[in-house]
Structures are given as C-alpha cells and as structure tokens.
Amino acid sequence: MLAGAFPGGYYWRHQMRKNQMLLMLRWRSALVAVFIGLLGLVMSPQVDRHQVISAQSAPQHKTLSVTGVRQSGPYGTRVDITLDIPPNADSDAVAQDALARSGVQPVTATGAMPQVALPTLRWPQFYHNPHAVVSQYYNPVGDTVAGGATQALQSTEQEWTNVHTSTFALQYAGTTTLGAAFDGVNVVSWPTTWPFGSFALEVTIVTYQRDTGLILDADILINKNLQYFANPADLMPSSYDIRELLLHENGHVAGLGHSANPTAVMFPSFTAGIVGHGLADPDIDVISALYPPGSSTQLQPPHQLQAFNATYAGSIAFTGTTSLAYTASGSGPYLGQSRLQGTVSVSGAAACPGRGFRTEHDDTFTAASGNSLSVLVSDVSCETAPGSNVFHGVGTYTIIDGTGQFVDATGQGTTDDHADLSSGAFSMTFSATGP
C-alpha cells in the first residue's frame, strides 16, 4: 500500500540497500589496509624495530669495576678499571682484556686468571695531622662533558671530605697541564692516548709503598671516547653520570677497595643513566675505619721513607765567601707539590778536572700540609767547563727527622744537582736507595 501510495518507494528501498553494501565494502577495505600496513611495519627491512621498543624496556649499558696490581721493587701499583659493559657483552672477556692491557694481575679472580694480595692502603699525612689534606689537580684538556666536569669533581671531593667520622680530606688544588705519573702530584685527566681498551671508562692508578701500604701518588684517567653527562638534560641512552663515576674513583684515591654491598658507591657495578645517590653507610664505615678521628694517636706511621724520590728547581745565591742558599719547588712521593730550602757550606777542595768543592747541605722540605722533612746532603761539585761557573754535584742524602707525618722518619739515597752561579739557576734530584 505504501509503495503504491508513493510511486518512488521501490527506488528508495533499493538505494538504501545499495548504500549499506557500499558502506560494508568500505569498512572491509579499510580493515584490510590497516592489516597490510601493520604487516609491512613488522616485516619491512626498512623499519628499525628498536624505534617501537620503549627505551625504558631496552637492555642498558652497565659498569663493571675490576682491580689489578703490579709490583716493582719497594713500590706497588693498584689499578682500578671501570668498564662499560654493553648489553649481551662477555663481561669476563672484557675484564680480562682490560687487566692484560694494564699489565697487572687481578686482585679478585676474573675467569682463570690468578689472584694477588693487596695491603690496606692509606695516605700517611693523616697519622699526625687531623687537619691534613690530599691535594687533587684537574687537567681539563680533552674534557668531553657538556659544561665540563670540574664542578662534578669538586662535588665528589667535598662529599668524601664531609664524612664527620673520618679525618680524610680531599681538596681541589686547581688546574694543571700534568697527566698521570708517579710524581707525587695527584691528577685527574683526559689523556690523548688511551691504552686500556675501548670498554674502559675510567682508570685510577694508586702507587703505594709495598711494606707499609702508604699511598704515595694517585691519578684518575678518563676515556674521552665514551659518553658522560653532568646535567640530566644532557642524558644519552649509553652515557654515564660523571659525578657518580668520579665519586667511585675518588674512593679508590682515598684507599678504598670495592664493596660487596650493592647500596654502596664502591659497589663495582651500576647502570648507565642517572644514578643520583651519594655515599652510603658501607662507604662511610670504611673511610671512617681507614681514617678514624684521633688517628694521630691510634695509628703509628712507618719511619722508613723508602720511596723518597723528588726533583726540584729554583735559584741559588752566595750568602758568604764559602756559603750559599737555595730555594726551589717541585714534587715527590710523600710530599706532593712542595718547597725546598737549603744552605750549602763548602768544606774543602775536591779532586775535579777543574775547580771543585766538597759541600754539606742542610735541606728542609715543606709539604702543602705544612709538614716538613729534614735532610742532610754531602756531595762533590765540579765545574762543568773551565770558567763556566756552572757546577754539577753528586752525593748522598740522609733523612734525619721531620714534623707531622715525618716525625722520626728515616731514609737515604743519592743526589744530583746543577748550579749556575752566574745566572743563579739551580736544580736537584733525590733518589732513594734504602731505609
């Protein structure tokens, strides 16, 4: 009836069915397109699948710290290497390679490599002086951290110093052009040549006296070919927190080894990215045991300075007909950067090709801490060329006493000095030969 009442009714019913069929076909086409697109996303070699994996769920780089030691005569050298271990890397193989490159034997077992013993290490200046410091210099050449690593370094020095149950103090001493060397100057640097392998982030080298464990020198080297950040805004997926790394390495500078407690800064592993914590109770307990309050009465330093090797340069002048005085600056184990003041008395003629004299020196070394060391020198000085007024002296020294950490110190060795009595230039080297 309705169809008869509306002559176009059949047409409209037909059109509605046609539209419904077209709509269904469009939906099916859209679903097929979506499926094909998703299949292409998964299968296409042009797509980096890591782009669709959350960075939070991706495997992370982590550190592994290993320790080795080498020995040479009266000296030992502890080498702590912090390694970057990428996901799925063979950490044992990486560690063995780094230790081999450093020429050390492992302190803790790594694979089939043997173990060697390591004595308790301490800085000597804290035995008699609760206000002593370890001075640390920074060589910024090669620093790759955005904004530089100086502030991060100073922050770690302050954190180790601020442990109120310990007398240990680590002091920023300014910038230097020096690098790592057994010279009594403690330096953090970014060396141009990196011999420790591409996985090594940082290396701390601590030289000590084998029979006493007294630390003589400590340097930190940073690999400028890897990624670091000081500001979280500069974080990269495989970059490391430079402050956390330096806080760990300065623990080694203080004499600490690795901790078995995963909450400790001295734990030998942490992940890349923001770590964001300072010293924990295990770190504080160890530094306090190494440098306890009142340590000047609880601990007695060894008296034999077997590693006393130092070089100084300065000026010399006559103070009388047969007497001279000199002042010089330089560095050496036990003393670090220090001053030398000496007087020379001519005791007689010496058998030289030209002019020559026998002399006696009375020398005093003063360290940055204020502690001093007294030394007597006997030598023979000969003119290097007739009329040159330049004298070369060789002799022997004997340590007789000192203040602070050098109270009752003993030691002996040889000396080699040059003095230009016309220009006033002077230099002198001390080399230990025994107790």
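The values are calculated or read from the model by the stated rules, or taken from the named source; none is laboratory data. Predicted model only: the values in this text are computed from it and were never measured. Cβ coordinates were reconstructed from backbone atoms using ideal geometry, including for glycine residues, and neighbour counts include every protein chain displayed.
Quick look at the values:
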quantity: Residue list for region 207-231, restricted to those being at pLDDT below 90 and basic (Lys, Arg); calculated: Arg210
quantity: Thr156 vs. criteria hydroxyl-bearing (Ser, Thr, Tyr), assigned by TED's automatic domain parsing to the domain that holds Gly278 and part of a loop (DSSP other than H, G, I, E, B); calculated: no
quantity: Hey, Thr366 under 23 Å from Tyr127 (Cα atoms), modelled with pLDDT of 90 or more and β-branched (Val, Ile, Thr) or not; calculated: yes
quantity: Positions within region 402-434 being in a loop (DSSP other than H, G, I, E, B) and over 15 Å from Thr327 (Cα atoms), in sequence order; calculated: Thr403, Val407, Asp408, Ala409, Ser422
quantity: Among (1) touching a residue at least 24 places away in the same chain (Cβ under 8 Å); (2) in contact with an Asp or Glu (Cβ under 7 Å, 6 or more places away or on another chain), the one test that Gln405 misses; calculated: (2)
quantity: Some residue of region 389-399 being in contact (Cβ under 8 Å) with a residue 60 or more places away in the chain and under 23 Å from Trp123 (Cβ atoms); calculated: yes
quantity: Residue that is farthest from Gly348 (Cα to Cα), among those in region 358-392 that are of a type in the set (A, V, I, L, M) and over 38 Å from the mean Cα position of the chain (by Cα); calculated: Ala385
quantity: Test result for Ala419, surrounded by 19 or more Cβ atoms within 10 Å (Cβ to Cβ), among the small types (Gly, Ala, Ser), in contact with a Leu (Cβ under 7 Å, 6 or more places away or on another chain) and touching a residue at least 40 places away in the same chain (Cβ under 8 Å); calculated: no
quantity: Pairs with Cβ under 6 Å, 6+ apart, first in region 299-316 and at pLDDT below 75 and surrounded by fewer than 20 Cβ atoms within 10 Å (Cβ to Cβ), second outside any strand (DSSP E or B) and among the acidic types (Asp, Glu); calculated: His303/Asp408
quantity: Options Glu244, Glu202, Glu157; residue that is without any contact (Cβ under 8 Å) to a residue 40 or more places away in the chain and surrounded by 16 or more Cβ atoms within 10 Å (Cβ to Cβ); calculated: Glu244
quantity: Residue among Gly251, Gly184 that alone is small (Gly, Ala, Ser) and either without any contact (Cβ under 8 Å) to a residue 12 or more places away in the chain or assigned to a loop (DSSP other than H, G, I, E, B) (or both); calculated: Gly184
quantity: Test: Phe406 is of a type in the set (Phe, Trp, Tyr) and under 21 Å from Arg210 (Cα atoms); calculated: yes
quantity: Residues being charged (D, E, K, R), assigned to a strand (DSSP E or B) and within 21 Å of Thr63 (Cα to Cα) - total across region 213-227; calculated: 1
quantity: Those residues of region 340-357 which are in contact (Cβ under 8 Å) with a residue 40 or more places away in the chain and more than 37 Å from the chain's Cα centre (by Cα), in sequence order; calculated: none
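Conditions tested, residue by residue: (1) crowded, with 20+ Cβ neighbours inside 10 Å; (2) in contact with a helix residue (DSSP H, G or I) (Cβ under 7 Å, 6 or more places away or on another chain).
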{"site": "Trp194", "(1), (2)": "no, no"}
{"site": "Gly213", "(1), (2)": "no, no"}
{"site": "Leu216", "(1), (2)": "yes, no"}
{"site": "Ile220", "(1), (2)": "yes, yes"}
{"site": "Met236", "(1), (2)": "no, no"}
{"site": "Tyr240", "(1), (2)": "yes, no"}
{"site": "Ala264", "(1), (2)": "yes, yes"}
{"site": "Pro268", "(1), (2)": "yes, no"}
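Residues checked against (1) out of contact with any Gly (no Cβ under 8 Å at 6 or more places or on another chain); (2) at pLDDT 95 or above; (3) more than 20 Å from Tyr208 (Cα to Cα):
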| position | (1), (2), (3) |
| --- | --- |
| Gly336 | no, no, no |
| Gln341 | yes, yes, yes |
| Ser345 | yes, no, yes |
| Ala349 | no, no, yes |
| Arg358 | no, no, yes |
| Gly370 | no, no, yes |
